[in-house]
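This report refers to the structure that appears directly beneath it.
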Amino acid sequence: QVQVVESGGDTVQAGGSLRLSCDASGTLFRSYVMSWHRQYPGKERDLVGFLNRDGNTQNVASVKGRFTISGDTVKPTMYLLMSNIQPEDAAVYYCNIYVLGREYWGQGTLVTVSS
């Protein structure tokens with residue numbers, strides 16, 4: 001069984017920065033993909049970016065230049081550094097890990113933005 005735990009959500013002023021963390025534990029294998037998603041109220045979860053076991057990262061176009069994904073691929077732990085946060089970044093952020101054909105989700109961490 002794989003456990004996924006996010007942390008770091010907070011209230012931040014527009015233009016500020018925040019770092020989210022995701023820790024995965026349990027039975028893990030040599031190949032996996034970790035990803036960040038965010039969800040607005042009443043909407044589906046949208047992909048923000050991912051980190052794979054080889055250390056490759058990719059962000060979606062809407063956050064490029066503002067969000068950076070990094071991590072320790074051995075633990076594994078993944079971070080989402082959010083900078084120049086905008087009101088539209090307010091959401092619940094979820095971490096996902098895809099391993100051996102199954103995916104596991106964390107409980108989510110809330111980011112709110114004050115003006």
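The values are calculated or read from the model by the stated rules, or taken from the named source; none is laboratory data. What you see is a predicted model; the values in this text were computed from it and never measured. Because the Cβ atoms are built from the backbone with ideal geometry, glycine has one as well, and the counts that use them run over all protein chains shown. Heads up: the accessible areas ignore ligands, DNA and RNA and are worked out on the full protein's heavy atoms, side chains in. Shrake-Rupley method; radii C 1.70, N 1.55, O 1.52, S 1.80 Å.
Couple of notes before you dig in:
- When the residues of segment 1-11 are filtered to those that are in a loop (DSSP other than H, G, I, E, B) and touching a residue at least 60 places away in the same chain (Cβ under 8 Å), the one that is most open to solvent (accessible area, probe 1.4 Å) is D10.
- In this structure, T68 does not qualify as under 19 Å from G16 (Cβ atoms), modelled with pLDDT of 95 or more, of a type in the set (V, I, T) and crowded, with 18+ Cβ neighbours inside 10 Å.
- Enumeration of residues in segment 15-46 that are surrounded by 14 or more Cβ atoms within 10 Å (Cβ to Cβ) and among the hydrophobic types (A, V, I, L, M, F, W, C): L18, L20, C22, A24, L28, V33, M34, W36
- Where a residue in segment 83-96 is open to solvent by less than 10 Å² (accessible area, probe 1.4 Å) and its partner, wherever it lies, is basic (K, R), with Cβ under 8 Å and at least six apart: I85/R66; D89/R38; A91/R38; Y93/R38
- Here T77 passes the criteria (1) out of contact with any Asp or Glu (no Cβ under 6 Å at 6 or more places or on another chain); (2) open to solvent by less than 50 Å² (accessible area, probe 1.4 Å) except the one numbered (1).
- The strands (runs of 3 or more DSSP E) falling completely within segment 12-115 that include 2 or more residues that are small (G, A, S) and within 24 Å of V2 (Cβ to Cβ) map to 18-26, 67-72.
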